[in-house]
Amino acid sequence: MTESVKGLLAFLKKSPTCFHAVETIRERLLTEGYTPLEEGKPWRLTPGGKYFVTRNRSSVLSFRIPQEDFTGFQVAASHCDSPTFKIKENPDKEVKKAYIQLNTEKYGGMIFTSWMDRPLSVAGRVMIREKDGGISTRLIAIDRDMVLIPNVAIHMNRQINDGYKFDPQVDMLPLYGDGEAGKKFQAEIAQAAGADQEDILGSDLFLYNRMAGTVWGANGEYLSAARLDDLECAYTSLEAYFQAGETSAVPVYAVFDNEEVGSGTKQGAGSTFLFDTLRRICLAMGKGEEGYYTALASSFMVSADNAHAIHPNHPEYADPTNPVYMNKGIVVKSNANQKYTTDAVSAALFKEICRKAGVPVQTFANRSDMAGGSTLGNISNSQVSLNTVDIGLAQLAMHSSYETAGTLDVDYMIQALTVYYSTAIQAEEDGVYQLH
């Protein structure tokens, strides 16, 4: 197991929710000497400075200012949310005075059965009324096997293997305790937050899979864990960001929330977060409004979100001429209807970067008779128009509570994005570019 794979598994373990993922990233940025900025305060930036800013504590943008005047931005963006179940307000639900369930609703689209018959727990954030009258955020992650979503025995549901349709309000509620559990859940959350129950003013709490990540296969070629989509890209792009050398471009590390539900929130890729940050960088460095737009012309974005590997049981689901395999390199994703932003320009520029990095490249396209998902690249471009390529790492069981990817691809992504962040892509004219 390489150090990068060990680091990824450790990152996943510390990141049961989007809030924990951003906090883990934030702690790493502070350790590396980055200065935190606040959106509600003036920004004073200096050449050679290293900075980051969070929004909602579930999205983060980090950047470095070159020593010399910069020509553009090199952005790598991923997302930190994953499909799961959100716990509703007043969650305790009694059944026949014998069971206490937690009332939940699904967040994003997931494979329901992958959440069943396995130990789960609860993590997220709670808003606390402090003694001084202020309101603060506290993260919690209950570190024990806390709940489980039980399947119905096949004797009582003979259609379970014949295309049974799960009802999230009926079939997917987690069992918390017996009839004596009562209102214990709220008390347990308060204890985890180190607060009195009456001081909890709000919460965003989610179920998370307790199964630890693992490396397996005949030669240790596969890794499986919860939330690989898309924390694998968030982790590998962060490592590359730290390892990259300085160029005439501003390297930007971006992680957005809410991709799994459309990105249309104040902290999603469809928000003004990236636009606001890039524009403030230009204004703080004296480039002005015109300088912002000229910088965008020589900027580039990598939208990094994992891709579908060809399935061993169902190879027919893959495009006939563009199969994608784990451990065979970075996947460039394209779609004629612009579900992905990749075009000839962005594909050519990114493939040239991968060639310089010595990293293999694959191409993904959906079968023409199967609809695919979208990602944050084209949504982000509605706010900030950049040449953008959609890429990812090949994986199986996307949107399962436990997913599988290739161990070699972790280092491939770090190597390629390190070269990407160490390169300035300059537009000489529309359609003509130089890589420096």
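Return yes when Ser15 is within 17 Å of Ala244 (Cα to Cα), touching a helix residue (DSSP H, G or I) at 6+ places or on another chain (Cβ under 7 Å) and hydroxyl-bearing (Ser, Thr, Tyr) and no when it is not.
No; evaluated as a whole, the condition is false for this residue.
Please specify each residue of segment 171-193 satisfying the condition of being part of a loop (DSSP other than H, G, I, E, B) and either out of contact with any strand residue (DSSP E or B) (no Cβ under 7 Å at 6 or more places or on another chain) or open to solvent by less than 50 Å² (accessible area, probe 1.4 Å) (or both).
Correct list: Asp171, Met172, Leu173, Pro174, Gly179, Glu180, Ala181, Gly182.
Output the number of residues of segment 236-258 satisfying the condition of being open to solvent by less than 20 Å² (accessible area, probe 1.4 Å) and either in contact with a strand residue (DSSP E or B) (Cβ under 6 Å, 6 or more places away or on another chain) or closer than 22 Å to Gly7 by Cα (or both).
Initially, segment 236-258 is screened for residues open to solvent by less than 20 Å² (accessible area, probe 1.4 Å), giving 236-238, 240-241, 244, 249-258.
Add one more test, that the residue is either in contact with a strand residue (DSSP E or B) (Cβ under 6 Å, 6 or more places away or on another chain) or closer than 22 Å to Gly7 by Cα (or both), and what stays is 236-238, 240-241, 244, 249-257.
The qualifying residues number 15.
Examine segment 47-55 for a residue that is modelled with pLDDT of 95 or more, open to solvent by 30 Å² or more (accessible area, probe 1.4 Å), under 30 Å from Asp162 (Cβ atoms) and out of contact with any His (no Cβ under 9 Å at 6 or more places or on another chain), and state whether such a residue exists.
No - not one qualifying residue is present in segment 47-55.
Any residue in segment 399-420 that is surrounded by 19 or more Cβ atoms within 10 Å (Cβ to Cβ), within 18 Å of the chain's Cα centre (by Cα) and either among the basic types (Lys, Arg) or over 30 Å from Met211 (Cα atoms) (or both)?
No, there is no match, as no residue in segment 399-420 is surrounded by 19 or more Cβ atoms within 10 Å (Cβ to Cβ), within 18 Å of the chain's Cα centre (by Cα) and either among the basic types (Lys, Arg) or over 30 Å from Met211 (Cα atoms) (or both).
Any idea which of Lys339, Lys287, Lys328, Lys266 is among the charged types (D, E, K, R) and loosely packed, with under 15 Cβ neighbours inside 10 Å?
Of Lys339, Lys287, Lys328, Lys266, the one residue that is among the charged types (D, E, K, R) and loosely packed, with under 15 Cβ neighbours inside 10 Å is Lys266.
What tally of residues in segment 121-142 results from selecting those that are in contact with a strand residue (DSSP E or B) (Cβ under 7 Å, 6 or more places away or on another chain) and either open to solvent by 30 Å² or more (accessible area, probe 1.4 Å) or without any contact (Cβ under 8 Å) to a residue 12 or more places away in the chain (or both)?
Count: 10.
Given the structure, is Gln426 among the polar types (S, T, N, Q) and at pLDDT 95 or above? Outline the logic, then answer.
Values: among the polar types (S, T, N, Q): yes; at pLDDT 95 or above: no.
Taking the combined requirement at face value, the residue does not satisfy it.
Name, by its number, the condition in (1) over 30 Å from Val432 (Cβ atoms); (2) aliphatic (A, V, I, L, M); (3) part of a loop (DSSP other than H, G, I, E, B); (4) open to solvent by less than 30 Å² (accessible area, probe 1.4 Å) that does not hold for Met370.
Of everything listed in (1) over 30 Å from Val432 (Cβ atoms); (2) aliphatic (A, V, I, L, M); (3) part of a loop (DSSP other than H, G, I, E, B); (4) open to solvent by less than 30 Å² (accessible area, probe 1.4 Å), Met370 misses just condition (4).
The values are calculated or read from the model by the stated rules, or taken from the named source; none is laboratory data. Note that this is a predicted model, so its numbers are computed, not measured. Counting neighbours? That spans all protein chains shown, and the Cβs are built from the backbone with ideal geometry, glycine included. Side chains are part of the model used for accessible areas, which takes the heavy atoms of the whole protein and leaves out ligands, DNA and RNA. Shrake-Rupley method; radii C 1.70, N 1.55, O 1.52, S 1.80 Å.
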